Structure formats: C-alpha cells, structure tokens
1. Taking a 27 Å limit on the Cα-Cα distance, which of the listed pairs 31/138; 151/206; 141/206 fall beyond it?
2. Which residues' amide hydrogens lie under 5 Å from the amide hydrogen of residue 54, considering only partners 5 or more residues apart or on another chain, with H built in the peptide plane?
3. Give me a comma-separated list of calculated 3J(HN,Hα) values for the stretch 90-107, in order, Karplus coefficients 6.51, -1.76, 1.60 applied at θ = phi - 60°, integers in Hz, x for any Gly or Pro.
4. Under a Cβ-Cβ cut-off of 15 Å, what is the net charge of the residues other than residue 192 that fall near it, where Lys and Arg count +1 and Asp and Glu count -1?
5. Multiply the residue separation of residue 153 and residue 33 by 0.36 nm, subtract the distance between their alpha-carbon atoms, and state the gained length in nm to one decimal.
6. Determine the share of the stretch 1-121's accessible area contributed by carbon and sulfur atoms, expressed in whole percent, with a 1.4 angstrom probe.
7. How much length is gained on full extension from residue 165 to residue 53, taking 0.36 nm per residue of separation minus their Cα-Cα distance?
8. Please work out the ratio of the alpha-carbon Rg of the stretch 80-140 to 2.2 N^0.38 Å and round it to two decimals.
Amino acid sequence: MLISPIGYSPSGEIFNLSAEQVATAVSIALKAEKLILLTEQSCCNPDNGEQIRQMTTDEADGFLQHYQELADAINRPLKAAIQSCHAGIERVHLINRAINGALLLELFSRDGIGTLISSTPFEELRPATLDDIGGILKLIKPLEKQGILAKRSREKIEMEIADYIVIERDGLIIACMALHPNEQGRFGAIACLAVHPNYQGSARGKPAAGLCL
C-alpha cells in the first residue's frame, strides 16, 4: 500500500508532508508494533563518527538536545521515532537505505544493522528471576562441559536465584554472574560468571567502577 505525502486542509490548502510525518501518523493510527524508517545516512555519534546501535526514547531526546545541529536526515527520523514510541509503538528502526540488504540484516539478525529506538532498554543488566533459569543454564552448560565452570543443577540455581544478576538482550540472556555473600555479609564470592560467545570481548564481564565486595 502506498500513501501519498500530499495532504489537504478543509479549505483546500495543499500540504506536502515529510515521509517521517506520514509514516508516524499511519503507524500510530494502525497501532503498529514496529515502525521502520529508511534514512539517508546512519545515525552516528557526531563526536567520534561511531554508529549508535540503540537508544531509549529518553536517550534519543537527550541526544537531540545535546546535538542541536544534527542534519535533518537524522534529526527528523529521531523525532519521529520518539513520537511513535510515546504513542505506543514498541520499536522504531532507523536504517540507512544505502546499505545493501539493510532491511533483511535489520529484521533477521539479533543485533541488526541500523539504530533501534524503544521506550524500554534493548539490553539491560538486572537481578535474575526464576524465569531466567533456563537461559542461565543454556549459557553455562557448555562451559561446565569444558571444565571452566563448576557444575550446578537447576535446583541449586533456583535456591540461589537471589544471588544472580543477568544481562538480557532482546529476550536472550547473554551474560550472568552470581555473588554469594558469607553469613556475616561482610564479603562475597563471585561465581558462575559467563558471557555468551557472540558478546565476549565487549567488556560485559568487567566489574563496574566502585563495586565493593
């Protein structure tokens, strides 16, 4: 379905709307789950030229306020993405149309190739829950077979789940760690530290600054 960007006022005045305006209005009216905007360039950090892979709407809003001289090719799509997410669309993808196969790479790979804007974080560090046990086991079993990690049963992890934290990326548990405190709570032992092979070497397993055990 093609929708014309030409609009008319009740008095007959003609308006030539931008593609972002039309796409945003249509996706909101349809209550779409996802909006894909093809852009003229990739969304990059002006300071270092590196592509921004994902932002929350709050981060995108702060980005626009900080870099007020952004080209319209990125400024308009970002504003459209923020508006769409605030209206209930779960995700907006900004994809550089000049990249060969960009749409397929964005939709059919976990990390994509464009910039994802969403109301909630695409990747987050959080306390583990019982629902994460399957993902934790899938992550650590290969390391147990190699003798890198001590073996843990599902029951043991379930009993100690309050000690675990995980990194979840788009529904996939990509890292986990347990901190087992001693009885007095004066120190703790780090255990079961694992990072998914596809995400190793990206500092996800490094302790945060100021972490005290």
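The values are calculated or read from the model by the stated rules, or taken from the named source; none is laboratory data. Because the structure is predicted, anything quoted here is derived from the model rather than measured. All Cβ positions, glycine included, derive from the backbone under ideal geometry; neighbour counts span all protein chains shown. For accessibility, only protein heavy atoms count, side chains too; no ligands or nucleic acids. Shrake-Rupley method; radii C 1.70, N 1.55, O 1.52, S 1.80 Å.
1. Numbers: 31/138 35 Å; 151/206 23 Å; 141/206 21 Å.
Checking Cα-Cα distances, 31/138 exceed 27 Å.
2. Residues meeting the amide H criterion: 116.
3. Once θ is set to phi - 60°, the couplings for the stretch 90-107 become 5, 9, 10, 10, 9, 10, 5, 5, 7, 7, 5, x, 4, 5, 5, 5, 6, 8 Hz.
4. Working: positive: 138, 141, 145, 151, 152, 154, 156, 204; negative: 132, 144, 155, 158, 160, 163.
Charge balance near residue 192 sits at +2.
5. On the way: separation 120, 0.36 × 120 = 43.20 nm, distance 3.79 nm.
Result: 39.4 nm gained on full extension.
6. Details: 3930 of 7540 Å².
The computed percentage sits at 52.
7. Working: separation 112, 0.36 × 112 = 40.32 nm, distance 2.36 nm.
The residue 165-residue 53 span can extend by a further 38.0 nm.
8. Numbers: Rg = 15.2 Å, N = 61, 2.2 N^0.38 = 10.5 Å.
Relative to the rule-of-thumb radius for its length, the stretch 80-140 sits at 1.45.
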